[in-house]
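Here the structure is laid out as structure tokens; the discussion comes afterwards.
Just so it is clear, none of the values below were taken in a lab; they were calculated from the coordinates. Treat the numbers as computed from the prediction; the structure is a model and nothing was measured. All Cβ positions, even for glycine, are placed from backbone atoms using ideal geometry, and neighbour counts span all protein chains on display.
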Amino acid sequence: MSETKQRKVRKRKEAQDTGPAPPDEATKEEYSIARWMRNNVPVKKTKFLSHTVEYFISGKAIDKLLDSPWAQSKKAGEDPLFTTRESVVEYLDVMLRHKFFHRARKIVVPESELKKGKGKKEKEGKDTKKDDAAPAIEQPSKKKEDTVTAAESSQVEEEKNEKDSASSSKKPKKEGEKKKRKIRLDMHLQQNVVDGTDAYVWIYEPTPYYYYFFGFLVVVAVIAVCLFPLWPSSVRQGVYYLSLAAAGFLVFILALAVIRLVVFALVWALTFGRHHLWLLPNLTEDVGFFASFWPLYHYEYNGSTNNENEDENENEDDENDDKDGSDERDDDKEPLLGKDDQGSEDAPSKRADNNSETESEGSQRSQTGKDFEIVDRDEIDDS
């Protein structure tokens, strides 16, 4: 029985000795070093899990800390905190465990994703341009020929310019100019500090000094309001008039909101929803104080215009006229070919040759979209 009691006593002592450890908190020295690093170690911004964060490179941070005040002895006979790069790495590892920053993994964004993003932006820009452009009225056939030839010449010039720009863009790449790669970050599985080019994302953000100043002013203002009965009578009367002015301004803003709504409703009802008129359109928007009173009004017309319908009808009529003209030209060509055949009855060999030439040449089409026919002088003389 005595042995069992002794074992129980030992277990209780061990449980007391191995009880819950006190929380490992950061020291004041670590906070001061973290503030110094935030002000002196260079940082970069990038995306980390769809958030913009600031990160630093471990090697540069170690170089800066070796030149910091903690790398110099404050008193004679005392060793400085940072003597070697290994000592800095150990101290930064402790700060990492205290959640001042964490290690991240660099991921280079491929060029294919960048090109896709640029392509989407360009397509959106082209779509907006097409939507904004008004439909142009078609011109007669003679003007179409001129525009086609001009378009062909402009295409040739554009191709030449593209080739020249491509050749000029390839030159700096051959000379050895390096492009800046875009990088995004992801969480690293091994959370430790390594002396190298690894990225470490800042978690700690020091509180600016002006926060304390404005916080002190708020406390003073609250105390002053609580002591309002002790204020002099002249000051209390001034505050009373100021409160009336503030209340009048709020009532004025509410009255403006009601008036603009009434005006919009009247205009909308009288014009059957075609005309929209807003007075002070930014009054209730999330903008600045002065921006909420500008512009003074905003007008829109949402009805269908007759001009658009007329333009559409004119375009349809022009298209029909062009089709009718092309059909008439085809009909005029058939009797011409018949006359050529009648005039060439005396020379059957010539007729066969001419028919073969007209069939081969008549099948060709010019760049302007019209049929053409080559006629010899002998055929004209025979006719």
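What FRET efficiency comes out for the pair Thr83/Ile107, r = Cβ-Cβ distance, R0 = 51 Å, nearest 0.05? With R0 = 51 Å, the Cβ-Cβ based efficiency is 0.90. The order of Leu189, Leu49, going from fewest to most other C-beta atoms within 10 Å of their C-beta, is Leu189, Leu49. The label-point distance for Val263 and Gln190, in a model that sets each label 7 Å from Cα toward Cβ, rounds to 7.0 nm.
The chymotrypsin sites (Phe, Trp or Tyr not before Pro) of region 194-286 meeting both criteria, a DSSP state outside H, G, I, E and B (loop) and at most 10 other C-beta atoms within 10 angstrom of the site's C-beta, are Phe272.
Do any of Lys44/Lys182; Lys45/Lys74; Lys74/Lys99 go past 23 Å between their Cα atoms, and which? Result: Lys45/Lys74; Lys74/Lys99 exceed 23 Å.
Within region 211-303, the ratio Rg/Rh, alpha carbon atoms throughout and Rh by Kirkwood, equals 1.24.
A 24 angstrom limit on the alpha carbon distance is what I want to check against. Which of Lys28/Lys106; Lys60/Lys115; Lys47/Lys116 exceed it? Where the Cα-Cα span goes over 24 Å, the pairs concerned are Lys28/Lys106; Lys60/Lys115.
With only alpha-carbon pairs counted, each pair once and no self-pairs, how large is the Kirkwood hydrodynamic radius of region 175-262 in angstroms? Evaluated on region 175-262, it is 20.8 Å. For Glu54, the residues whose amide H sits under 5 Å from its own are Trp202, ignoring neighbours fewer than 5 places away on the same chain, with H placed 1.01 Å from N. Close amide-amide hydrogen proximity is noted between Ala199 and Ala104, Lys106, each under 5 Å apart and 5 or more residues distant or on a separate chain (H modeled in the peptide plane; Pro and chain starts excluded).
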